[in-house]
Amino acid sequence: MDHLDPGTTPWMAARVGKAFEQAYGGTPDLVARAPGRVNLIGEHTDYNGGRCLPLALPHATYVAARRREDDRVRISSLTVEGEWTGSTKDLAAAPGWASYVTGVLWVLEVERGFDLVIASSVPVGSGLSSSAALECAVAVAVDALHGHPLDDVRRRHLAAACMRAESEIAGAPTGGMDQLVAMLAPDGDALLIDFHDDSTRPVPVPLQEGGLQLLVIDTGVRHALADGAYAARRRECEAAAHLLGVPTLARASEDSWSRLSDDVLMRRARHVLTECERVDTADQAIIEGEWAELGAVLDASHASLAHDFEVSCAELDVAVETARAAGALGARMTGGGFGGSVIALAPADRVTDVAATVAAAYAARGWSSPTFLVAEPSAPAGVVG
Ligand code: ADP
Ligand code: MG
């Protein structure tokens, strides 16, 4: 299993502290951490007022932070080139990756400056939500330096702030799942989120009782149309909801999609409504330990995302099909689509074989190898040092 990245990174806090010293001299006031996530099921449902079932990964983004007495902000990341420096008055205008950080500072209306150094073990742009991990780690760090206790209400407040930062400043419309699970994940369990009322419930997923593991296959691919297509899907969902006379698609009755005469809108609505049902089926299958049923629901989700929502691509489909052929009980793309990652529910003693078979299928097509990790439900954002 040595080629599977375990993601457990207790040394990351020390590494980011050291990097802080090198970048800015002296020590940080604190280090905060927020996890990446993988979504078990419920894709493209958050912005439709529906349900989803993500879990936090052990992979996380770490932020070493120090308060300043003036209004300067300095940000550097070990993941990407370049440093951003500016004043608290420039926060809304930072370009590129720095906007994910300054967006959070802007929403939180900071007055004084900060020195921030970032390190991460979350693969970037892989559908595992490095963006929310970054935002939430920054939010927790800054909030702690302002002296706010991190209770459940504050966690929800910060998740909402990070969602605004990503949508309004980083310019990436986001439905809220990523930030909520990064802030609220119950350590060791998945989190059922219902966006009708933002209610959440821990869902224990005792895969080991079924002799199973959740393999994440990061295709390493991200197609250029991803962002534009995401926005287009959101618009189509809003149009379908409007035609059905409901505020969000998830409020429409189960088979109401069949009333839509436009073929594209009909299929978009069918995906959202059937996906919400699949979340409920998966929830029940997990409670009952019906792992074959859970696998079948993952398969059905992939089919719906590929054919009705049209957000899959060749690399995702090959990973899904190969994983199933190699013994996975079920597999599907996870995250927004057009590249990113696939999850496969596989017998623990077959996980290495499944990974090797997918890598071979990629090699046979001349594609570079995907990377693999096993998802273990992990802890939510917090201060770590
Ligand atoms: P995902 O959230 O699936 O990883 P996104 O496109 O939503 O993909 O977010 C990726 C972007 O977030 C990166 O392109 C970069 O701008 C920013 N980002 C994420 N993690 C980091 C990091 N550790 N350092 C700097 N920027 C980061
Ligand atoms: Mg993201």
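The values are calculated or read from the model by the stated rules, or taken from the named source; none is laboratory data. None of these values were measured; they are calculated from a predicted model. Reconstructed Cβ throughout: ideal geometry from the backbone, glycine too, with neighbour counts over all protein chains shown.
When 264, 205 are screened for being of a type outside the set (Ser, Thr, Tyr) and closer than 23 Å to residue 280 by Cα, only 205 passes.
Any chance the stretch 362-377 includes a residue that's among the charged types (D, E, K, R), surrounded by 20 or more Cβ atoms within 10 Å (Cβ to Cβ), more than 16 Å from ligand 1 (Cβ to nearest atom) and more than 30 Å from residue 174 (Cα to Cα)? No: zero hits.
The strands (runs of 3 or more DSSP E) found wholly in the stretch 173-246 and carrying at least 1 residues that are within 16 Å of ligand 2 (Cβ to nearest atom) and assigned by TED's automatic domain parsing to the domain that holds residue 257 occupy 212-222. Within the stretch 305-355, the set of residues being of a type outside the set (S, T, N, Q) and within 16 Å of ligand 2 (Cβ to nearest atom) comprises 311, 333, 335, 336, 337, 338, 339, 340. Set side by side, the residues 138, 153 differ, and just one is modelled with pLDDT of 95 or more, within 16 Å of ligand 2 (Cβ to nearest atom) and in the same structural domain as residue 67 (by TED's automatic domain parsing), which is 138. Within the stretch 312-328, not a single residue is farther than 18 Å from residue 344 by Cβ and surrounded by fewer than 17 Cβ atoms within 10 Å (Cβ to Cβ). Out of 300, 381, 364, 359, one residue alone is free of Cβ contacts under 8 Å to residues at least 40 places away in the same chain and either touching a Ser or Thr at 6+ places or on another chain (Cβ under 7 Å) or closer than 23 Å to residue 59 by Cα (or both). It is 359. Residues being modelled with pLDDT of 95 or more, hydroxyl-bearing (Ser, Thr, Tyr) and either closer than 20 Å to residue 39 by Cβ or surrounded by 24 or more Cβ atoms within 10 Å (Cβ to Cβ) (or both) are represented in the stretch 193-202 by at least one member. For the stretch 260-279, the count of residues that are at positive phi, among the acidic types (Asp, Glu) and away from ligand 2 (no atom under 16 Å from the Cβ) is zero.
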